[in-house]
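> What follows is a single structure, and I will ask about it in a moment.
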Amino acid sequence: MRALLALVALVAALSFLSPAFLTAANLAILLKHVAINAIMAVGMTFVILSGGIDLSVGSIAGLAGMVAGGLIDRGLMLPMFGVVVYFQVWLVVVIAVLAGALVGAINGLLVARLSVAPFIATLGTMYAARGAALLLSGGATFPSLTGEAGLRNTGFPWLGSGTILGIAIPIWLMIVFALAGAFLAARTVFGRHVYAVGGNQRAALLSGVRVKRIQLLVYVISGFCSAAVGLIIASQLGAAHPATGQSFELNAIAAVVLGGTSLMGGRGTIGGTIIGALVIGALADGLVLLGVSEFWQIVIKGAVIVMAVVLDQLQRRVQWQPTAQS
Amino acid sequence: MAANGTILGACALAALLAGCGPRQPSNPGQKTIAIVTPSHDNPFFKAEADSAAARARELGYRVLVNTHDDDAHKQDELFDMAIANHAAAIILDNAGADASIAAVRKARAAGIPSFLIDREINLSGVAIAQIVSNNYQGATLGAQEFVGLMGEKGSYVELVGRESDTNAGIRSQAYHDVLDKYPGLKLAVRQSANWSQTEAFQKMETIIQANRDIKGVIAGNDTMALGASAALKASGLAKVTVVGFDGSPDALAAVRAGAIQATVLQPAARIAMAAVEQAHRYLTTGATGAPEKQSVNCELVTAKNADQFGMFARR
């Protein structure tokens, strides 16, 4: 709950300092920016709850954006038939998201089947997926993702720039991912098993949890979420750049930890993660509104993350003292 | 066991590399030119490396292309490799004006001349040539066009590149040396977007919230200009003037489409080729015939002349 306190304090302070902060228009923009990190952090929460870590999320976002960008801008070249195939946008989205889930599945197999430490496995796929994204275009940007009516592949920009009931699509997606994630974590057998694996893997195994399957699935979920983020960014910019998503993994991990999830696994909530992402997003946008220098922005962001976690430790110690047994 | 695994892995990797490396005919008398630039995920550096490599092959050299990803340490390792491979010359777009001096000096001591392109180092007499585009002159052109497009009045936003980068500072200085002379032009916000399209998009969206009356955006490079342009379009402010810098192919297309109004083209391809030619002259005659520090002028690109330009060069 410290994250909620931090959020309230932050919003109060920023509203006081900048009259433009607490306006409907700015909050709409803020939520749109938060959505990027929040959706990625939902997937990351499952991985961390299970006792793992996923460093490849930013690269997966970049790769998914490039897959979609390539399919829309250049089409799929089939050399054996000498034709170029263009897919409709919904199919492009499905293929790109599947590509992300596939990288997630590779992470999962490395961790669950080959017992590679999650940090190392996902470090490897972080590099490999980034390289794959660069290879897709030879390092270039796919500059035009609007599609052509003649090829029946228009409509991609809607994902990042469209609205439903006046609210931007990325915000709706964040809501859907958050609700689905919270339901999955708190109300399903799968969710309970994720907590069990992260809390005590051996105990979970002995009580009949299919640990390897759970480990595989959490990385697939993370890959899926990251790919969605990559699509949103490519859609918003109307361009796919292979370096997109660099260092996003750290923002996602920061949101998860700020939200109260233990890096050791087994403890935490999706709701907390969303609040963590809101804190980071409000801080980033607020400092831009105030015109704070880039260098100070980085210092302040780091300080807030550390302070929030320190406060949590203090609070936990105070709460635990009466019941000395834990 | 771990050692066995490492050996196995190394063998597998060697087999993989043997299969995918570009094969070059080995010619014993042939000299090598090493080309070292920042990451090719930026088309500017790719164009630079490609042009230098093409010109070097035409002149009969074997070519070794590598990227240092703006990491001075990695650049140093690449220099060690070039020295070990007895490269005849190094073409370098360096990873830092001060941090690169030691590497260039080390190559010089090993008898390998370095020819610097795009970015200078803060010491003369170490490299044989330092050929850069005139960032100050180019940014002045961009700023003058911006003044005209704005009609000499209104409030504007400046997006600065990575603040630790020399060129970000030079361009910003040139912008202000022009813009600050016009009392009607008001700087509403100055923010760094670290050369990044995504970051420029998000920061621009936020900046618009507090400054809905802005009439123009002047950016330190094209990717930031394109990010800002997308944000302005999404907010229904498509009429805001946007000016970039670099003349990347994406920006040229955006200028033609009217998404941004102007950019400044750096003749990166021409500079890279000139560096290779001077290296060739130096290796064959012992002198380049040109001063160490050379600066090449940039060109303004607007909707009127955008069709005359291609990959960082006039067509």
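> Can you run down the residue pairs with Cβ atoms below 8 Å, 6 or more apart or on separate chains, where the first is in segment B:276-291 and farther than 9 Å from B:ALA89 by Cβ and surrounded by 10 or more Cβ atoms within 10 Å (Cβ to Cβ) and the partner is modelled with pLDDT of 95 or more and charged (D, E, K, R)?
Once the first residue is farther than 9 Å from B:ALA89 by Cβ and surrounded by 10 or more Cβ atoms within 10 Å (Cβ to Cβ) and sits in segment B:276-291, its partners that are modelled with pLDDT of 95 or more and charged (D, E, K, R) give B:GLU277/B:ARG55; B:ALA287/B:ARG281; B:THR288/B:ARG281.
> Continuing with this model, one more query. Within segment A:241-288, track down each residue that is within 11 Å of another protein chain (Cβ to nearest Cβ), under 16 Å from the mean Cα position of the chain (by Cα) and over 30 Å from A:ASP73 (Cα atoms).
The one that is within 11 Å of another protein chain (Cβ to nearest Cβ), under 16 Å from the mean Cα position of the chain (by Cα) and over 30 Å from A:ASP73 (Cα atoms): A:GLY281.
For every residue, the table says whether it meets (1) closer than 18 Å to B:ASN167 by Cβ; (2) surrounded by 24 or more Cβ atoms within 10 Å (Cβ to Cβ); (3) outside the structural domain of B:PRO291 (by TED's automatic domain parsing); (4) touching a Cys at 6+ places or on another chain (Cβ under 7 Å).
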site	(1), (2), (3), (4)
B:ALA84	no, no, no, no
B:ASP93	yes, yes, no, no
B:SER100	yes, yes, no, no
B:SER114	no, yes, no, no
B:ILE117	yes, yes, no, no
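> Sticking with this one: Among the residues of segment A:236-257, are any part of a helix (DSSP H, G or I), surrounded by 22 or more Cβ atoms within 10 Å (Cβ to Cβ) and in contact with a Lys or Arg (Cβ under 7 Å, 6 or more places away or on another chain)?
There is no residue in segment A:236-257 that is part of a helix (DSSP H, G or I), surrounded by 22 or more Cβ atoms within 10 Å (Cβ to Cβ) and in contact with a Lys or Arg (Cβ under 7 Å, 6 or more places away or on another chain).
> Would a scan of segment B:246-253 turn up a residue that is surrounded by fewer than 24 Cβ atoms within 10 Å (Cβ to Cβ), more than 20 Å from B:ASN42 (Cα to Cα) and within 14 Å of chain A (Cβ to nearest Cβ)?
No, segment B:246-253 contains no residue that is surrounded by fewer than 24 Cβ atoms within 10 Å (Cβ to Cβ), more than 20 Å from B:ASN42 (Cα to Cα) and within 14 Å of chain A (Cβ to nearest Cβ).
> May I pose another question? Please enumerate the residues belonging to segment A:72-93 that are surrounded by 13 or more Cβ atoms within 10 Å (Cβ to Cβ), out of contact with any Gly (no Cβ under 6 Å at 6 or more places or on another chain) and not polar (S, T, N, Q). If you could, list the steps in order and put the result at the bottom.
Residues of segment A:72-93 that are surrounded by 13 or more Cβ atoms within 10 Å (Cβ to Cβ), as a first pass: A:72-76, A:86-89, A:92-93.
Still in the running and out of contact with any Gly (no Cβ under 6 Å at 6 or more places or on another chain): A:73-76, A:87-88, A:92-93.
Matches in segment A:72-93: A:ASP73, A:ARG74, A:GLY75, A:LEU76, A:PHE87, A:VAL92, A:VAL93.
> B:GLY161: more than 30 Å from B:LYS31 (Cβ to Cβ), touching a helix residue (DSSP H, G or I) at 6+ places or on another chain (Cβ under 9 Å) and touching a residue at least 60 places away in the same chain (Cβ under 8 Å), yes or no? Walk me through how you get there before you give the answer.
Values: more than 30 Å from B:LYS31 (Cβ to Cβ): yes; touching a helix residue (DSSP H, G or I) at 6+ places or on another chain (Cβ under 9 Å): yes; touching a residue at least 60 places away in the same chain (Cβ under 8 Å): yes.
Answer is yes for this residue.
> Continuing with this model, one more query. Would it be correct to say that B:ASN122 is in contact (Cβ under 8 Å) with a residue 24 or more places away in the chain, surrounded by 20 or more Cβ atoms within 10 Å (Cβ to Cβ), part of a loop (DSSP other than H, G, I, E, B) and within 21 Å of the chain's Cα centre (by Cα)? Working first, answer last.
Working: in contact (Cβ under 8 Å) with a residue 24 or more places away in the chain: yes; surrounded by 20 or more Cβ atoms within 10 Å (Cβ to Cβ): no; part of a loop (DSSP other than H, G, I, E, B): yes; within 21 Å of the chain's Cα centre (by Cα): yes.
Judged against the criteria, B:ASN122 is not a match.
> Suppose we filter segment A:289-317 for residues that are within 14 Å of chain B (Cβ to nearest Cβ) and modelled with pLDDT under 85; how many remain?
Initial filter on segment A:289-317 (within 14 Å of chain B (Cβ to nearest Cβ)): A:289-299, A:301.
Going one step further and asking which of them are modelled with pLDDT under 85, we end up with A:289-295.
Of the residues in segment A:289-317, 7 are within 14 Å of chain B (Cβ to nearest Cβ) and modelled with pLDDT under 85.
> Let me ask something additional. Which of the helices (runs of 4 or more DSSP H) found entirely inside segment A:140-222 contain at least 2 residues meeting this: more than 23 Å from the chain's Cα centre (by Cα) and surrounded by fewer than 19 Cβ atoms within 10 Å (Cβ to Cβ)? Before the answer, list the steps.
Values: elements: A:158-161, A:169-187, A:189-199, A:201-206.
Of the helices (runs of 4 or more DSSP H) lying wholly inside segment A:140-222, those with at least 2 residues that are more than 23 Å from the chain's Cα centre (by Cα) and surrounded by fewer than 19 Cβ atoms within 10 Å (Cβ to Cβ) span A:201-206.
Table: residues versus (1) part of a helix (DSSP H, G or I); (2) under 20 Å from B:VAL301 (Cβ atoms); (3) within 13 Å of chain A (Cβ to nearest Cβ).
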residue	(1), (2), (3)
B:ALA143	yes, yes, no
B:LYS186	no, no, no
B:ILE207	yes, no, yes
B:VAL217	no, yes, no
B:ALA231	yes, no, yes
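The values are calculated or read from the model by the stated rules, or taken from the named source; none is laboratory data. Predicted model only: the values in this text are computed from it and were never measured. Note that we place each Cβ from the backbone using ideal geometry, even for glycine, and neighbour counts take in every protein chain shown.
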